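These notes concern the structure reproduced below.
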Amino acid sequence: MSSGQPHGRLGQLFTSKLAFMMVLIWVTYFLNLLVVYGLATWLPSLLVKAGFSLVKSYSFGMIQAMGATVGGFFLGWMMDRFGRKSALVFAYMAGGIVIALFGMVSSNAVLYLVGAATGVFVIGAQIAQHVVTGELYPTNVRSTGVGWALTAGRLGSIAGPLLGGALQMAGFTFTEYFLVFAVPSILCAGLVLLYRINVRDEGLETVHERLTSAEA
């Protein structure tokens, strides 16, 4: 093994060159998975309370999963076409909008359409986020950086269902519930805007050179 290649260390994540980006990434993961799990955990029971049958309420989960599959392909294309940062901001913004819309519509057909869109943009954004996160960390700390980001996301996946339960106990309506969960998705878009690069048609070496220059 070449001694010229530095080994990844946890402490490197907290250096001045990486700490700011690391915090942005952690909060993004936390908020987005808060939304994903806050919706997924309570959606069937919310729909049943809104008057849908149990079978139909679970069918929305299947529609969302199908939408997420499409979202992975669609956002992958968008990232290559328009840049990682631009595509991710769009995904989070669109996710916030469709979450809010989901709580406002009553037509079955429109609910299915909007439900699929939440899969495309909310769950799809998480897929796209993994791509961006992997490119923002230098090679020697990439696994550590992504691992810690996923840990922050796991905390969000715990907080989301807890928040959802608290909202229902507090008497929030169907519409209000989804409006609340639209907010973190919009906040994610704002956080991604603070990312210092917009990767497009570049190798990782170029990305890291520009990131280092921006942080100097």
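When segment 55-103 is examined, which residues are found to be outside any helix (DSSP H, G or I) and in contact with a Phe, Trp or Tyr (Cβ under 7 Å, 6 or more places away or on another chain)? Spell out how you get there, then give the answer.
First, pick out the residues of segment 55-103 that are outside any helix (DSSP H, G or I): 83, 103.
Within segment 55-103, just Gly103 meets the criteria.
Could you check, for segment 129-142, whether at least one of its residues is of a type outside the set (Val, Ile, Thr), more than 19 Å from the chain's Cα centre (by Cα) and assigned to a helix (DSSP H, G or I)? Quick ask: steps written out before the conclusion?
Here is the first cut: in segment 129-142, the ones of a type outside the set (Val, Ile, Thr) are 129-130, 134-138, 140, 142.
Those still in the list that are more than 19 Å from the chain's Cα centre (by Cα) too: 138, 140.
Keeping just the survivors that are assigned to a helix (DSSP H, G or I) gives 140.
Yes, segment 129-142 has at least one match.
Of the numbered conditions (1) assigned to a helix (DSSP H, G or I); (2) surrounded by fewer than 21 Cβ atoms within 10 Å (Cβ to Cβ), Ser106 fails exactly one; give the number of that condition.
It fails just one condition, (1).
Got a sec? Which of Ala100, Ala94, Ala65 is under 21 Å from the mean Cα position of the chain (by Cα) and closer than 24 Å to Thr151 by Cα? If you could, list the steps in order and put the result at the bottom.
Details: Ala100 fails: closer than 24 Å to Thr151 by Cα; Ala94 fails: closer than 24 Å to Thr151 by Cα.
So the residue among Ala100, Ala94, Ala65 that is under 21 Å from the mean Cα position of the chain (by Cα) and closer than 24 Å to Thr151 by Cα is Ala65.
Starting from segment 42-65, keep only residues that are among the aromatic types (Phe, Trp, Tyr), then list their pairs with residues that are surrounded by 13 or more Cβ atoms within 10 Å (Cβ to Cβ) whose Cβ atoms are within a distance under 6 Å, requiring at least 6 positions of separation or different chains.
Sorted first by the residue in segment 42-65, then by its partner, the pairs are Trp42/Gly164; Tyr58/Pro44; Phe60/Gly115.
Could you tell me which numbered condition Phe52 fails, if it satisfies all but one of (1) surrounded by 15 or more Cβ atoms within 10 Å (Cβ to Cβ); (2) assigned to a helix (DSSP H, G or I)?
(2)
Throughout, read-outs are computed from the coordinates displayed, never taken from laboratory work. No experiment lies behind these values; they were computed from the predicted model shown. Virtual Cβ from ideal backbone geometry, glycine too; neighbours counted across all protein chains shown.
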